[in-house]
Structures are given as C-alpha cells and as structure tokens.
1. Each label point is 7 Å from the Cα along the Cα-to-Cβ direction; what then is the distance between the points at D170 and S183, in nm?
2. What percent of all Cα-Cα pairs in the stretch 113-263 falls into each 10 Å bin, going from 0 up to the bin containing the maximum distance?
3. Any chance you could list the semi-axes, whole Å, largest first, of the equivalent ellipsoid that the Cα gyration tensor gives for the stretch 193-268, using √(5λ)?
4. Work out the length of the dipole vector of the chain about its Cα centre, built from +1 on the beta-carbon of each Lys and Arg and -1 on the beta-carbon of each Asp and Glu, and round it to the nearest 20 debye.
5. Would you mind computing, in nm to one decimal, how far apart the modelled labels at E233 and D107 are, each placed 7 Å from Cα along Cα→Cβ?
6. Go through K100/K141; K52/K247; K141/K247; K7/K157 and tell me which ones have a Cα-Cα distance over 23 Å in this structure.
7. Please sort 156-169, 255-268 by packing, taking for each peptide the average over its residues of neighbouring beta carbons within 10 angstrom, highest first.
8. Rank I21, C117, T235 by how far each Cα sits towards the positive end of the charge dipole of the chain (+1 on Lys, Arg Cβ; -1 on Asp, Glu Cβ) and give me just the farthest.
Amino acid sequence: MAFTVHKLHPHIGAEIRGIDISLPLDQEMMAAMRQAWLDHSVLVWRGQELDKDQQRRFVSYWGPLGGRASRLPAKNPNREPGPDYQSEEMLISNIRKDGKPIGVLPDGELWFHHDMCYAEEPNRASFLFCIETPSTGGNTKFADMYQAYENLPQKLKERIHGRRVLQVFDAIQDSRIDLSSRSLDELMHYWQPMVVRHPETGRPAIYVNRLMSHVVEGLDQAESDALLDELYEYTEDPALVYEHVWKPGDLLMWDNLCSIHARTDFPATERRLMRRMTIAGERVIPAWADTAAAQ
Ligand SMILES: [Fe+2]
C-alpha cells in the first residue's frame, strides 16, 4: 500500500491519499508518514471510516496516547470535570443531551492557541476525526510557527530571546482570561519559552498565542501586551494560515509545537461533532538551549 502527499498550502498542511487508516499499518509506512508530518506539520486523511478503537490504534502508532487537560491539578473548587474526562478520547461538540453538552468546547469561535501549552508537558499532537459538521463555519485554521519565527525582524527576535511567557487556561474559555479578577492558583498555568526548538526537526518555532499567553516574564502588563500584539501580527499573518473546511470522514492531525490553530464561528442551531485524541509530549525545549543541554 503506497500513499501520496499533496500540499494544501505553501507553508502548512498536506493531504495523504491512497491509504485506509482504519487498517493496521507497518513500521515502514509509519516512518514515511512521520516524515510527511515533520515536513508539513498538519496532515489530513479524507473519506475515512473510523470507529473509536480504530482511531485509537492509528493514534497509538504516533506515540503514547496523551491525557486530558482536565486531569491537571487546578484548585478551582467550582471547576467540574468535563464529560467523560477519564478517557483519552474527548468529544468536541455543541450537541446537548438534557441541556448539557455531550462534549467540550461546544460553541462558536475559538482564538488561536497551542493545545495544552499551559502544562509542564504539553501533548505533542492532536487528532480530530470529523463525524458531523454544520452547513457553514466551524472551520479550523492552522498557522505555521516556524515561518512566523523566520519572518520576525531581527530586532524582535532579540527582544524575545531567552524570555518566557505565562500560559494560562481554564476549562471553559474562548478568549483570554482576565487575571485581575481570577487567582492564578485556581487556573492551569505554566511558564514556557517564547520560542521552542522542535525536538525532531531542530527548527525554532514561536510558542505564544492570543488565547493563552498572558504576560511576558520581566515586563509589566502594558509592555507585555504591546509585545504580544506585535508578535500576533506575525503568528496570525493570513499568508501563513491554512483553513480546513471539514467533511465527515476527515481525520486531521497537527503538531502542537510548531503550529497554532483556531476555530471559526458556526451557527448555534446546527450540530458539530468531532472525536479528539492526542499523543503525549515532553517538556518543551527553549530555542536558545544548546543541543547538548537539550538532550
Ligand atoms: Fe485546540
């Protein structure tokens, strides 16, 4: 069984054709697909029929399955675990049963973010299988953080060199949390390098995002906001964005270390259902770490 790789965008994303990923796959095939993933950061297989167990087997070829963010310690007494939170599988859906969402992140637009960048060991990759889509919207946009870093003017690269940023997230959140009215103690958070070095490609990638990045270490909030806004001009540059229009049967995976993603709005009256799984990651490597120290 051979497959072909078709670029979806000049910078990010490729479609893999000619392969049924519900079947067992051998190591040689997986090595070739992993290389395609490292080359394109986002991969899509269309027209797949995957039940939960088949998706789990496919995901497990890429690494150990990742845990859910809702298992991370956070001290908010009001925070309830999301539906089915013990499982590695997560439904992303606005469908409601008895008035309660059957999944998480149910409605509307979601700003650009890296999944779980607020954890010490963020999940490495996410896999979404599309089951139902609304008639319009609910698309997922992906932006290339390698190229965003390359595009920074030298002066801006120097301003962020060696710096960390505070990444923060709450279970239900579609825009940046206002920390003036919340205690950090009750929120999932972690200080991360502003630029990471990818463990497999060795390339630097920007690791800040509009949804979760709060403050740059050593700057006051106003200075930090100005610097982050300047960076978002590069990270959200439309020239670096591939927008995926979902169809049922799409399995899409992305690399959380070198891409950000966002969701476009969609009609609240229509159903959207995705089955998500992840693979675990390790502590991220700052771009300025020397190779020996990073081992
Ligand atoms: Fe996400």
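Here, each number is a calculation from the coordinates, and none is a lab measurement. This is a predicted model, so every value here is computed, not measured. As a convention, Cβ positions derive from the backbone with ideal geometry for all residues, glycine included, and neighbour counts pool all protein chains shown.
1. 1.4
2. 10, 40, 35, 13, 2
3. Working: eigenvalues 139, 66, 22 Å².
Working from the Cα gyration tensor, I get semi-axes of 26, 18, 11 Å.
4. Values: 33 positive and 44 negative charges, 86 e Å.
Roughly 420 debye, rounded to the nearest 20.
5. Rounded to a tenth, the inter-label distance reads 3.5 nm.
6. Values: K100/K141 27 Å; K52/K247 18 Å; K141/K247 15 Å; K7/K157 29 Å.
Correct reply: K100/K141; K7/K157.
7. Details: 156-169: 18.4, 255-268: 21.1.
Highest to lowest by the protection proxy: 255-268, 156-169.
8. The residue sitting farthest along the positive end of the dipole is I21.
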